[in-house]
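Okay, so here's the structure we're looking at.
The values are calculated or read from the model by the stated rules, or taken from the named source; none is laboratory data. Keep in mind it's a predicted model, so treat the numbers as computed, not measured. Using ideal geometry, Cβ is built from the backbone for each residue, glycine included, and neighbour counts are taken over all protein chains shown.
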């Protein structure tokens, strides 16, 4: 079971990235955290439809999550329609 502390750290990382994403007409949401510490996030809006921006943003999101929650093993990013 994923701890509330880890979930809060991941949410803090997402909140740290949200202003950058919203400034480009997009957003980001936490989809899930698995028991084996894989975080799945979903890009929304313009961030969910542009493959180039999502690659750049994915790298920033991964770095932010790993900074706030170093126990996370992997970050998976889904686009809006996946």
Out of the residues in region 3-24 meeting the condition of being over 17 Å from residue 42 (Cβ atoms) and out of contact with any helix residue (DSSP H, G or I) (no Cβ under 6 Å at 6 or more places or on another chain), tell me which one is modelled with the lowest pLDDT. 23
Return yes or no: is residue 15 in a helix (DSSP H, G or I) and under 11 Å from the mean Cα position of the chain (by Cα)? yes
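Residue under question is residue 61, and the condition is that it be crowded, with 18+ Cβ neighbours inside 10 Å and at pLDDT below 95; does it hold?
Details: crowded, with 18+ Cβ neighbours inside 10 Å: yes; at pLDDT below 95: yes.
Taking the combined requirement at face value, the residue satisfies it.
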With respect to residue 69, is the statement that it is buried (at least 16 other Cβ atoms within 10 Å of the Cβ), more than 9 Å from the chain's Cα centre (by Cα) and at pLDDT 85 or above true? yes
Odd one out for residue 47, checked against (1) in a helix (DSSP H, G or I); (2) surrounded by 13 or more Cβ atoms within 10 Å (Cβ to Cβ); (3) within 10 Å of the chain's Cα centre (by Cα); (4) at pLDDT below 90: (3)
Pairs where the first residue, in region 52-77, is on the phi > 0 side of the Ramachandran plot and assigned to a strand (DSSP E or B) and the second is surrounded by 18 or more Cβ atoms within 10 Å (Cβ to Cβ) and at pLDDT below 95, C-beta under 9 Å, 6+ apart: none
